[in-house]
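J.: Handing you this structure, nothing more for now.
The values are calculated or read from the model by the stated rules, or taken from the named source; none is laboratory data. This one's a predicted model, so the numbers in the text were calculated from it and none came from an experiment. Cβ sites come from the backbone with ideal geometry, for glycine too, and all protein chains shown count toward neighbours. The protein model used for the area step is the full one, side chains on, heavy atoms only, and it has no ligands, DNA or RNA in it. Shrake-Rupley method; radii C 1.70, N 1.55, O 1.52, S 1.80 Å.
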Amino acid sequence: MVLIMLIATLYSPLSSFLMAQQTTAGRRYLRAFVSGFFVAVPVTVTVLDRFAYVARVEGASMQPFFNPEGGLKSDIVLLNRWSVRNYQVQRGDIVSIVSPKNPQQKIIKRVIGLEGDFIRTLGYKNQYVRVPDGHFWIEGDHHGHSLDSNSFGPVSVGLLHGRASHIIWPPSRWQQIKPSLPPNRGPLDTKEEEG
Amino acid sequence: MFRRVLGKTLGFVGYTIQYGCIAHCAFEYIGEFVVCSGPSMEPTIINHDVVFSERMSRHLCKIQKGDIVIAKSPYDPNMNICKRVIGLEGDKVCTSSPSDLFKTHTYVPKGHVWLEGDNLRNSTDSRSYGPIPYALIRGRVCLKVTKYIDIYNIKKTANVSFCNIRKLVMIRSHVYGF
């Protein structure tokens, strides 16, 4: 709170100082630039952090859903950060998370299981895994070409970054992304386990 | 008249949005005050202490061994934990308690950190849930707000003491012998 008051007190004398100067053309442009800067930068940063984020999907780990042709054409998606503010996701959602192996990289995968689910893994050290509390299990659609929970295990929900809601580029692939689980990749039914 | 009221309301809303965004940027990129609860960091931070955690080192990846950090709990993302960084990625950390006969060690995996509370006997930390990903760290604790009661005037005053939390690492390693 001290910092807020500090910034607020610095901002108003600065703008009034600029207004009190003789309004030559140069000073007027400087005043407009500085006041615009103080408005645009915090608003943009807040929108990107809290509401929506635009990202380019690279790699082949989500083929054929993203980047079906591969090569130079990458899809650009809109990530909804407001819907994950309470860490609520559904099975089948495509989400972006901060990579547990590299905190400066974000990866985009599909949610297969939530906490408490039993998952049959593909290439993980245990064949069956119960997803612990506060974690979820993510997989790329292109098995074998994907760095996902099958390599590093269940991921903590605190790493959740955003939920992919729309593909916005290229225009031929404009669509809303709906949650859907791939066939045979859902959590195991506990009745099936006991039977 | 109606247009004037509308204009003033829009101006007010605009200022609120602008200051709200500045506040968000300050809390997210500069620092925030946190109230700590629990005995796991005694005697460095006791129950109900107010500390200031700065965010810049986390965004610039400058968290070092010995820093006290605030992180999201790996089992519940809405809860925060306050612990000390004992090992960064690639470090060898001791996982057995001091009373064990045989000492076991593990290596901290890439992109993770090993956290332990200062009050080893009363702390759930990486010794129970393993190393946590670096991205769960929210900020580094750098200042502690200390309160003292002035006996003569019977009023509480707060002063910020620049207690060098890093110095306590040396005391701790001397006590525990590693």
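J.: Between the range A:79-147 and the range B:68-89, how far is it from one alpha carbon centroid to the other, in angstrom?
T.: Using only Cα atoms to place each centre, the spacing works out to 20 Å.
J.: How much of the calculated P(r) for chain A lies past 20 Å, in percent of all Cα pairs?
T.: Cα-Cα pairs in chain A separated by more than 20 Å: 64 percent.
J.: Just to be sure I understand the model, the point goes 7 Å from the Cα along the line to the Cβ. What's the resulting residue A:27 to residue B:59 distance in nm?
T.: 3.3 nm
J.: Taking the Cα centre of chain A as origin and charging only Cβ (+1 Lys, Arg; -1 Asp, Glu), how large is the dipole, in debye to the nearest 20?
T.: Taking the Cα centre of chain A as origin, the dipole is about 880 debye.
J.: Run through the range B:79-131 and list the chymotrypsin sites (Phe, Trp or Tyr not before Pro) located in a DSSP loop whose Cβ has at most 12 other Cβ atoms within 10 Å.
T.: Counting only loop positions with at most 12 other Cβ atoms within 10 Å, the chymotrypsin sites (Phe, Trp or Tyr not before Pro) in the range B:79-131 are B:102.
J.: For chain A, what is the calculated [θ] at 222 nm in deg cm²/dmol (nearest 500), taking -39500 (n - 2.57) for each run of four or more DSSP H residues and dividing by its residue count?
T.: -9000 deg cm²/dmol
J.: Using Stokes-Einstein with the Kirkwood hydrodynamic radius over Cα pairs, what translational diffusion coefficient do you get for the range A:26-108 at 20 °C and a viscosity of 1.002 mPa s, in µm²/s rounded to a whole number?
T.: 137 µm²/s
J.: Accessible surface of residue A:143 in the full protein assembly, 1.4 angstrom probe, to the nearest 10 Å²?
T.: About 80 Å², ignoring ligands and nucleic acids.
J.: Which value, in Å² rounded to 10, gives the accessible area of residue A:44 with a 1.4 Å probe and all protein chains present?
T.: 70 Å²
J.: Where does helix A:25-50 land angle-wise versus the long Cα axis of chain A, in degrees 0 to 90, nearest 10?
T.: 20 degrees
J.: For chain A, what does the relative contact order come out to in percent, with C-alpha contacts under 8 Å and a separation of six or more?
T.: 21 percent
J.: Which residue, A:68, A:89, A:131, has the largest displacement toward the positive end of the dipole of the range A:41-177 when charges sit on each Cβ (Lys, Arg +1; Asp, Glu -1)?
T.: Going by the Cα projections, it comes out as A:89.
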